[in-house]
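Here the structure comes first, spelled out in structure tokens, and everything after it is commentary.
The values are calculated or read from the model by the stated rules, or taken from the named source; none is laboratory data. Note that the structure is predicted; figures quoted are calculated from it, not measured. Note that each Cβ is placed from the backbone with ideal geometry, even for glycine, and that neighbours are counted across all protein chains shown. Ligands, DNA and RNA are stripped out before the accessible areas are found, and what is left, the full protein with its side chains, is counted by its heavy atoms. Shrake-Rupley method; radii C 1.70, N 1.55, O 1.52, S 1.80 Å.
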Amino acid sequence: MEEQFVSEHSVDMSQYSGVGKIKVLLVPWAAYLILLVLTRVPEVQAALLNFSETMQVTWFDNIVKFLIDGFPWVAIILVISSIVTLLRSQPFDAIRIYTDGIGFLKNGEERKVPHQQTLVAFGKMRQSVWIESEALGIKNYYYYWNEFSDSDVFRSNLEQYANWDSAAYRKK
């Protein structure tokens with residue numbers, strides 16, 4: 001007889017859709033392009049250099065030199081991170097919490113592990129949750145509580161059943 005799960009929670013997949021990924025990429029690219037265009041204007045470059053000379057602070061001189069000479073190279077980092085973002089897929093679309101383990105569902109197929117093979121931790125200011133299960137290839141990643149259906153129940157059940165102790169975490 002198969003054990004009943006305590007709760008099941010689907011993940012909001014909108015940020016992993018093509019449109020969601022594009023939205024995530026727009027802000028850094030827009031900021032980069034605006035700064036790049038501004039720092040290519042000769043008058044702006046002259047003003048930055050003059051200001052840095054009057055400041056006579058080494059770290060500020062380095063920032064100005066980077067903005068003028070090195071900033072175009074930041075595009076390489078943005079391209080790489082954009083490719084990673086576009087290729088990234090969500091490793092699961094729902095989580096089932098059991099009293100003895102956690103099941104990760106992807107396209108209706110469940111992969112279940114005991115709690116000791118999943119590590120859960122609070123994220124930034126307890127507004128998110130960090131989930132890792134190396135046994136299933138689920139890398140550490142932060143999820144906001146509200147990305148899960150019935151987020152209050154999800155949080156309560158995770159706090160009650162999941163493994164929050166890194167010393168008890170078994171990766172394999």
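Worth pointing out:
Residue-wise test of (1) open to solvent by less than 10 Å² (accessible area, probe 1.4 Å); (2) under 17 Å from Tyr169 (Cβ atoms).
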position: Thr99; (1), (2): no, no
position: Lys112; (1), (2): no, yes
position: Ser133; (1), (2): yes, yes
position: Asp150; (1), (2): no, no
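- Ser89 among the hydroxyl-bearing types (Ser, Thr, Tyr), part of a helix (DSSP H, G or I), within 25 Å of the chain's Cα centre (by Cα) and within 30 Å of Ser151 (Cβ to Cβ): no
- Selected residue (criterion: modelled with the highest pLDDT) from residues of segment 135-172 that are small (Gly, Ala, Ser) and closer than 18 Å to Arg111 by Cα: Ala162
- For Val74, the test of being in contact with a Phe, Trp or Tyr (Cβ under 9 Å, 6 or more places away or on another chain) and farther than 30 Å from Glu109 by Cα is passed.
- Of all the residues in segment 112-134, those that are of a type in the set (A, V, I, L, M, F, W, C), out of contact with any Phe, Trp or Tyr (no Cβ under 6 Å at 6 or more places or on another chain) and modelled with pLDDT of 90 or more number 3.
- Selected residue (criterion: nearest to Asp100 (Cα to Cα)) from residues of segment 135-148 that are surrounded by 14 or more Cβ atoms within 10 Å (Cβ to Cβ) and in contact with a Phe, Trp or Tyr (Cβ under 9 Å, 6 or more places away or on another chain): Leu136
- Qualifying positions in segment 140-164 - free of Cβ contacts under 8 Å to residues at least 12 places away in the same chain, closer than 14 Å to Trp130 by Cα and of a type in the set (Asp, Glu): Glu159
- Taken over segment 38-87, residues that are charged (D, E, K, R) and exposed (fewer than 14 other Cβ atoms within 10 Å of the Cβ) amount to 4.
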